[in-house]
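Following: one structure in structure tokens, then a few remarks.
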Amino acid sequence: MSHRDPIKVYDARWEDGEFSDAQIARLFESAVAYGRELGADTVVVTRDARLAARRVMEAAIDEALRQGMRVFMRPEPISTPQSYFTCMYVSQEHPGTMGLTITASHNPPGDIGVKFTVPGVRAVGLECGPAGGLSRIREIYHSPQRYAARGGGRLHVLDLTRQYVEWSLRQAQVADGSLAGMKVVLDAMHGSAGPEFMLALERAGAEVRALRYIPDGTFPDGAPNPTSAGRMDRAVSLAGAVGAEAMIGLDGDGDRIVFGDGRGMLTAGFAFVAILSSMKPGTDGPVPVLYDPKVSPPALVEWARMNTRPMLFRNGHSQIKDYMLRQGAAAGAEESGHYYHRLTLGTVTACAENSLLTVLLFLKALRSTPGLRERLWELQGRVLTTGEFNYRFESDCVRDEALAALVAKFAGEGAATATRTPDGIDLQGTCISRGVSLRQGDVSLSDDWYSGYVRIATNERGIVRSYFSAGERATLERVEKTARCVLENDFRGQRVA
């Protein structure tokens with residue numbers, strides 16, 4: 001067995017053809033064996049619209065059946081959030097259910113991959129989950145151990161889209177027809193979530209103008225990532241032309257969302273203000289709500305006003321879901337467009353994305369709160385950002401020296417820095433802030449506040465990534481100039497896209 005494998009930090013992912021059929025079969029042999037170690041006896045296998053998904057899905061099913069597992073499959077393209085719902089649904093009768101979701105999310109058309117859950121509908125990643133999560137699957141993958149065929153495996157087919165839509169509407173407390181007359185532009189980017197969103201929004205009564213809503217695994221317009229520059233221009237233009245109250249963009253597997261209208265896109269931190277207002281999470285006292293290092297401090301001020309306790313956590317889908325479960329968090333948001341909820345179906349509670357729920361809560365807030373949309377734009381207008389800017393260095397050693405000097409420079413002027421959460425979890429970068437106070441969930445800002453996040457690139461050598469925000473242009477310009485001076489002049493970094 002080669003020392004290479006397709007396992008990444010949050011999932012398994014590879015370019016179609018990069019690994020042989022035998023290597024892909026071995027990945028699923030390892031995953032099912034890991035599931036068995038945790039008491040799994042049932043496997044849910046789902047897929048998105050990617051062209052390679054059919055072949056990889058068949059490999060997953062064949063291996064699960066060979067190892068004697070009870071298998072439930074969703075043969076049609078569905079979103080990753082609906083795959084979580086499917087695992088929760090099956091877990092009602094079969095608690096020992098693990099999930100294999102065949103998807104490559106927002107990545108280019110030629111990519112394919114797998115997301116994993118274990119019994120309890122818990123997402124796993126590297127060193128995240130029981131027995132190490134994907135680290136244990138990797139260990140099995142590279143071991144000499146092989147697993148003999150077992151009898152008893154059976155395959156079942158499910159069709160749950162309407163149940164998923166109805167459950168999501170109930171979770172959002174959005175009645176049939178309650179969004180009547182509301183104009184919404186939906187751009188599904190040819191991903192798998194288009195049909196289920198059309199069903200849900202039609203039930204809710206919204207007047208939908210849809211773009212790229214038919215799943216197409218060739219992704220003719222390129223990688224289905226709504227956060228990429230220019231990808232939502234057509235939807236924004238259409239929203240302005242028809243006077244839509246909301247513009248919604250989705251990625252290839254429907255677990256990444258952007259919100260906006262004819263003026264452009266809201267950042268996730270401010271869009272989450274509307275979502276939280278519909279959830280009313282803190283009715284029984286402040287509840288934890290997670291945010292990633294790029295969420296703007298003024299957004300956190302608004303979150304805290306809704307009786308939540310904002311908690312900083314690192315980026316990482318599996319890791320965030322696991323941390324939510326352990327902290328009793330009600331929800332979470334990443335600036336990448338991922339939104340997380342604590343979800344209950346029958347006897348099963350899981351922390352996962354449900355993009356239908358997220359969007360329905362957002363639309364419900366706009367409908368029920370006059371002036372909210374203008375308020376969100378006004379809030380966002382107070383925040384200035386550099387966007388992410390990157391520098392490449394001649395070696396990882398120089399990169400590390402440059403990053404350390406950058407952090408020291410800001411610390412020397414009185415900025416607070418953090419590389420770990422209060423309970424010691426690595427943030428995989430350094431958060432830098434000045435004039436930002438977070439105590440017991442309360443957030444306060446000085447007039448000249450700034451906030452930033454700097455880190456090394458995890459998938460490219462010699463690169464430092466930086467991002468800053470501030471409330472005053474002069475402050476932001478000074479901070480960016482300081483950072484670029486250290487990286488470019490002191491350590492001869494080269495600007496890269």
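Worth pointing out:
- Flag: Tyr339 does not match the condition of being out of contact with any helix residue (DSSP H, G or I) (no Cβ under 8 Å at 6 or more places or on another chain) and of a type in the set (Phe, Trp, Tyr).
- Among the conditions (1) crowded, with 22+ Cβ neighbours inside 10 Å; (2) in contact with a helix residue (DSSP H, G or I) (Cβ under 7 Å, 6 or more places away or on another chain); (3) of a type outside the set (Gly, Ala, Ser), the only one that Leu38 does not satisfy is (1).
- The set of residues from the stretch 191-235 being touching a strand residue (DSSP E or B) at 6+ places or on another chain (Cβ under 6 Å) and more than 15 Å from Asp251 (Cβ to Cβ) comprises Leu201, Ala206, Glu207, Val208, Arg209, Ala210.
- A single entry from Ala12, Ala25, Ala31 fulfils the requirement of being farther than 16 Å from Gly133 by Cβ, touching a residue at least 12 places away in the same chain (Cβ under 8 Å) and small (Gly, Ala, Ser): Ala25.
- Residue within the stretch 438-450 that is within 30 Å of Asn307 (Cβ to Cβ) and part of a helix (DSSP H, G or I) present: no
- A count restricted to the stretch 423-452 and to residues that are in contact (Cβ under 8 Å) with a residue 24 or more places away in the chain and either over 19 Å from Glu401 (Cα atoms) or surrounded by fewer than 19 Cβ atoms within 10 Å (Cβ to Cβ) (or both) stands at 19.
- Some residue of the stretch 250-270 being modelled with pLDDT under 95, surrounded by fewer than 23 Cβ atoms within 10 Å (Cβ to Cβ) and of a type in the set (A, V, I, L, M, F, W, C): no
- Helices (runs of 4 or more DSSP H) (entirely within the stretch 317-428) containing at least 3 residues that are charged (D, E, K, R) and farther than 30 Å from Ser178 by Cβ: 396-412
- Selection from the stretch 165-193 of residues that are aliphatic (A, V, I, L, M) and either in contact with a Pro (Cβ under 7 Å, 6 or more places away or on another chain) or surrounded by 15 or more Cβ atoms within 10 Å (Cβ to Cβ) (or both): Val165, Leu169, Ala172, Val174, Leu179, Met182, Val184, Val185, Leu186, Ala188, Met189, Ala193
- Of the criteria (1) modelled with pLDDT of 95 or more; (2) crowded, with 21+ Cβ neighbours inside 10 Å; (3) not in a helix (DSSP H, G or I), which one Glu63 fails: (3)
- Subset of the stretch 447-466 [at pLDDT below 95 and either small (Gly, Ala, Ser) or outside the structural domain of Ala418 (by TED's automatic domain parsing) (or both)]: Ala457
- Boolean, Tyr147 is more than 30 Å from Asn225 (Cβ to Cβ), in contact with a helix residue (DSSP H, G or I) (Cβ under 8 Å, 6 or more places away or on another chain), touching a residue at least 24 places away in the same chain (Cβ under 8 Å) and among the hydroxyl-bearing types (Ser, Thr, Tyr): yes
- Residue match in the stretch 458-478 (condition: free of Cβ contacts under 8 Å to residues at least 40 places away in the same chain, surrounded by fewer than 19 Cβ atoms within 10 Å (Cβ to Cβ), among the polar types (S, T, N, Q) and under 19 Å from Leu300 (Cβ atoms)): no
- Flag if Arg342 is touching a Cys at 6+ places or on another chain (Cβ under 6 Å) and modelled with pLDDT of 95 or more: yes
- Filter pass, Ala415 being loosely packed, with under 14 Cβ neighbours inside 10 Å, outside the structural domain of Gln327 (by TED's automatic domain parsing) and at pLDDT 95 or above: no
- Those residues of the stretch 480-497 which are within 16 Å of Ala408 (Cα to Cα) and either in a strand (DSSP E or B) or touching a helix residue (DSSP H, G or I) at 6+ places or on another chain (Cβ under 8 Å) (or both), in sequence order: Thr482, Ala483, Val486, Leu487, Asp490, Phe491
- Condition met for Gly240 (surrounded by 24 or more Cβ atoms within 10 Å (Cβ to Cβ) and not acidic (Asp, Glu)): no
- Positions within the stretch 412-422 being closer than 21 Å to Ala474 by Cβ and without any contact (Cβ under 8 Å) to a residue 12 or more places away in the chain, in sequence order: Gly412
The values are calculated or read from the model by the stated rules, or taken from the named source; none is laboratory data. The structure displayed is predicted, hence computed values, not measured ones. In this analysis, Cβ positions are derived from the backbone assuming ideal geometry, glycine residues included, and neighbour counts consider all displayed protein chains.
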